[in-house]
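Report on the following structure.
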Amino acid sequence: MSDESPDPLLRRLEWTVLRRLDGLLQGDYRTLWRGTGLDLADLREYQHADDVRHIDWNVTARLQVPHVRQFTEDRELTAWFLLDLSGSIGFGSNDRSKLAVSEGFVAVLARLLTRHGNRVGAMLYGQQVDGVLPPGAGRTQVLQLISRMRGRPAPAAGHETRLADLLRAAESTIRRRSMVFVVSDFISAPGWHEPLARLARRHEVLAVRLFDPAEMALPDVGLVTIEDAESGEQLLVDTQDPGFRERFEALAAEHEASLREALAKAGVDTLELATDDDLLGSLLRFVALRRQRLRAPVGHRLPAALRTPRVPVRLAATAAPTVAWERR
């Protein structure tokens, strides 16, 4: 994908992915992408996770049961893409990098939203929050967004990713209730789950987690040089050693549990995109699960994939092999 200019890339995705996805979403637009509104439509009993700001206190006092207002939703909404473009995003052990997967996802979702008259904006993070694209509509806005992603300078070595900085900046920048896509591999310094949770209380947030299979388990390929894309540190390891591979996987499993716990605490939906997976298939699976969750009755026990996001194993932020291996 990275070799294509933005316009041919978007045109290809429109024909191969967007047409099918858009056709499946038509007729269920409100269910998947909720807008905001001002016109009162109905009242209903308060349910877990409802916005407390919508409680009707007069009705609650009369009936002695909490009730919330329901509003007629506007079709128009504003979507923001919070894009992690740090050093580890450039890694890919096969034909595609995590950055290429991010570009494809952003292009498809941004174009899908703008085709329905919505506006999309973005905040870009490299070494810091160094780029903001104000919300706009139309195909030109999507092309500009892709160009901004590709135009970011490569992060300097020795810089640690702090995803919390991006999320805090989004808290102060995004004023109107919006749909927020946090697109990252979540290889970051700790402390990001609290600002993510605060963001989710105000907006509808989707965590889009990028990963590569090589970050989960080392193949047996002999001596290889592994480099940390963010610190620049290199290490020569022997992947033929089964004990080393077992320790590697154990460390990865430990950090998987930590990441899963952080996402669960934040209370956000999670979409996983792998570098070796099909983008359309991943999006269709997520749409099916999201419909199931949104239609589930109160008190219904959801499938495990929806109650706790399944997060593949990843490496520690300080030891992720993010450069292709060299056989020695």
Answer yes or no as to whether Val205 is in a strand (DSSP E or B), β-branched (Val, Ile, Thr) and surrounded by 20 or more Cβ atoms within 10 Å (Cβ to Cβ).
yes
The stretch 191-203 residues that are aromatic (Phe, Trp, Tyr), paired with ones that are part of a helix (DSSP H, G or I) (beta carbon under 9 Å, 6 or more apart)
Trp192/Leu163; Trp192/Ala164; Trp192/Asp165; Trp192/Leu166; Trp192/Leu167; Trp192/Ala262; Trp192/Ala266
Give just the number: which of (1) part of a helix (DSSP H, G or I); (2) in contact with a helix residue (DSSP H, G or I) (Cβ under 6 Å, 6 or more places away or on another chain); (3) within 13 Å of Leu82 (Cα to Cα) does Leu166 not satisfy?
(2)
Being under 26 Å from Met123 (Cα atoms) and at pLDDT below 85 is true for just one of Trp80, Trp33. Which residue is that?
Trp33
Just one of the numbered conditions (1) buried (at least 19 other Cβ atoms within 10 Å of the Cβ); (2) among the hydrophobic types (A, V, I, L, M, F, W, C); (3) closer than 29 Å to Ala264 by Cβ is not true of Val142; which one?
(3)
Just checking, does the stretch 116-138 include any residue being assigned by TED's automatic domain parsing to the domain that holds Arg150 and part of a helix (DSSP H, G or I)?
no
Please give the strands (runs of 3 or more DSSP E) falling wholly within the stretch 212-277 in which 1 or more residues are surrounded by fewer than 17 Cβ atoms within 10 Å (Cβ to Cβ) and touching a Ser or Thr at 6+ places or on another chain (Cβ under 8 Å).
223-227, 234-238
Kindly list, by first and then second residue, each pair from a residue in the stretch 159-173 that is in contact (Cβ under 8 Å) with a residue 40 or more places away in the chain to a residue that is among the charged types (D, E, K, R) and assigned to a helix (DSSP H, G or I), limited to pairs with Cβ atoms under 7 Å and residues at least 6 apart or on different chains.
none
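The values are calculated or read from the model by the stated rules, or taken from the named source; none is laboratory data. Please read these numbers as outputs of a predicted model, since none were measured by experiment. FYI the Cβ positions are ideal-geometry reconstructions off the backbone, even for glycines, and counts take in every protein chain you see.
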